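Before any comments, here is the structure.
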Amino acid sequence: MNEKPNVLMVTGGAGFIGSNFVRQYIKKYPSDILINFDVLTYAGNLENLKEIENSENYHFIRADISDRNLLDRIFNGMIPDIPAPNQIVHFAAESHVDRSIQDCTPFIQTNIVGTQVLLDIIRKHWTGRDENCRFIHVSTDEVYGSLGKEGFFTEQSQIKPNSPYSASKASSDLLVRSYFKTYGLPLIITRCSNNYGPYQFPEKLIPLIINNILQKKELPVYGKGENIRDWLFVLDHCEAIDVVLKKGKVGQVYNIGGHNEWKNIDIVNYICELLNKKLNRDFDNTTLIKFVTDRPGHDLRYAIDATKIEEECGWVPKHRFEDGIEETVDWYLEHPDWLKKVTSGVYKEYYEKHYIADRNIRR
């Protein structure tokens, strides 16, 4: 008798981290079935999935995670040719702090309400089942707030979000925890540090700097660029999620970090120097750096203690930042058409409003 195939639903699978995870998973587990459930907001891009879109074990559904009726039909096995999922990796989220400061409403709807709808659906369909069911809620170290110059976030660190975005993610984390405690659902939370790598939408620091250097535009840096982040190569993060899906204990939180703390200004300078060499043009990219008024509630430092996932699941990051950032820069240089497409339309309007019309640059 043939065993039933594992059916994984990935929410937000056309976004940056989600699409990297989907491509990696499809290739690694050809006998599994993967359902990509994404509404395709400005940051969701099916171009990210061209190489696997015709795979026999891949299905795409364009819809909002708040669509309770559609989700109910999927989990009832009522969508033709698409089996009901027994696992979920939940990436779908509004994730940009600056946008949350401008308008928090989409963050509440997607990050909190959308997560609650998903939890209600699996409560209805998974309760009493024992078929390797797992729900991985992909969260962020930003829910912990800001660190001083020393110390690290552990899974026991107090949740103290300082932006509307991180508050919405903290709220969804608490919902997931409550559904495990109250209903005993097979839920796991992961909290990652800052991701970078191919296919990242250029509103985030690293692809923004790369794109602006290519266009010879100003490189906006908040405050004095002293904010510190722990940087994690996206494929390392995807491997960590896969490991947690297979080996993680339900009801647990796992921090995922890259062991790569960098000041923002040091990253900008590093990318400038790297592209000075690669572009071989008679121009010093560091002259484009412009310091802009710091955003409200800007956390000083994040740093992850990833001991738990290393000891319980055997995962450690493989990429040094210097190697990962060069691979990332090379990818953007090799994919100018992708970059051109995603920086038109909605992105252009947002960029001009946030960094040009409303900015206060200190020269």
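The values are calculated or read from the model by the stated rules, or taken from the named source; none is laboratory data. Because the structure is a prediction, the values reported are computed rather than measured. Positions of Cβ are backbone-derived with ideal geometry, glycine not excepted, and every protein chain shown enters the neighbour counts. We work out accessible area using only protein heavy atoms, side chains counted, and drop any ligands, DNA or RNA first. Shrake-Rupley method; radii C 1.70, N 1.55, O 1.52, S 1.80 Å.
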Phi to ³J(HN,Hα) by Karplus 6.51 cos²θ - 1.76 cosθ + 1.60 over the range 21-35, Hz, x for Gly, Pro
5, 4, 4, 5, 5, 4, 6, 7, 10, x, 8, 7, 10, 10, 10
Please list the non-local residues whose amide H lies under 5 Å from the amide H of GLY12, H modeled 1.01 Å from N, same-chain partners needing a gap of 5 or more.
PHE37, ASP38, VAL39, ALA92
Near-label residues of the range 230-270 by backbone N, under 18 Å of a point 7 Å along Cα→Cβ of LYS277:
266-270
Tell me the mean residue ellipticity at 222 nm calculated for the chain from its helices only (DSSP H runs of n ≥ 4, each -39500 (n - 2.57), averaged over every residue, nearest 500).
-11000 deg cm²/dmol
State the antiparallel share, in %, of DSSP beta bridges confined to the range 214-326, rounding to the nearest 5.
40
The ³J(HN,Hα) series, computed from each phi in the range 137-146 with the Karplus coefficients 6.51, -1.76 and 1.60 at θ = phi - 60°, rounded to the nearest Hz and given as x for glycine or proline, is 9, 8, 10, 9, 5, 5, 5, 7, x, 10
Once you have the Cα-Cα distance between ASN54 and LYS318, take 0.36 nm times their residue separation minus that, and quote the gain in nm to one decimal.
92.1 nm
Taking amide hydrogens as modeled 1.01 Å from N in the peptide plane, which residues meet the under 5 Å criterion relative to PHE153, leaving out close sequence neighbours?
ALA303, ILE304, ASP305
Quick one: Cα centre-to-centre distance for the range 1-59 and the range 266-345, in angstrom?
25
With every protein chain kept in place and a 1.4 Å probe, the range 243-288 has an accessible area per residue in Å² of 49
When only Cα pairs under 8 Å and 6 or more residues apart are kept, what is the percent relative contact order across the chain?
16
Using a 1.4 angstrom probe on heavy atoms only, work out the carbon and sulfur share of the accessible area of the range 64-158 in %.
46
Cα-centred dipole magnitude for the range 188-263, charges only on beta-carbon of K, R (+1) and D, E (-1), debye, nearest 20
80
Ranked packing of 129-139, 88-98, 106-116, most packed first, by mean Cβ within 10 Å
88-98, 106-116, 129-139
Output ordering of 28-41, 143-156 (per-residue mean of other Cβ within 10 Å, highest first) is 28-41, 143-156
Karplus couplings for the range 229-239 from phi (6.51 cos²θ - 1.76 cosθ + 1.60, θ = phi - 60°), rounded to Hz, Gly and Pro as x?
10, 9, 9, 10, 5, 4, 6, 5, 4, 4, 5
Percentage relative contact order, the range 27-186, counting C-alpha pairs under 8 Å, at least six apart
22
Suppose every K and R has +1 on its Cβ and every D and E has -1 on its Cβ; what is the size of the dipole of the chain about the Cα centre, in Debye to the nearest 20?
580
For the range 92-235, what's the relative contact order in percent, using C-alpha pairs closer than 8 Å and at least 6 residues apart?
26
Taking every DSSP beta bridge that has both residues in the chain, what percent is antiparallel when rounded to the nearest 5?
10
Just to be sure I understand: of the beta bridges DSSP finds with both ends in the range 171-269, what percent are antiparallel, rounded to 5?
30
Select from GLN109, ILE267, ASN227 the residue farthest towards the positive end of the dipole of the chain; place +1 on Cβ of Lys and Arg, -1 on Cβ of Asp and Glu, and compute about the Cα centre.
GLN109
Around GLY77, which amide H atoms from residues at least 5 apart in sequence, or from another chain, sit under 5 Å from its own amide H, with H modelled in the peptide plane?
ALA84
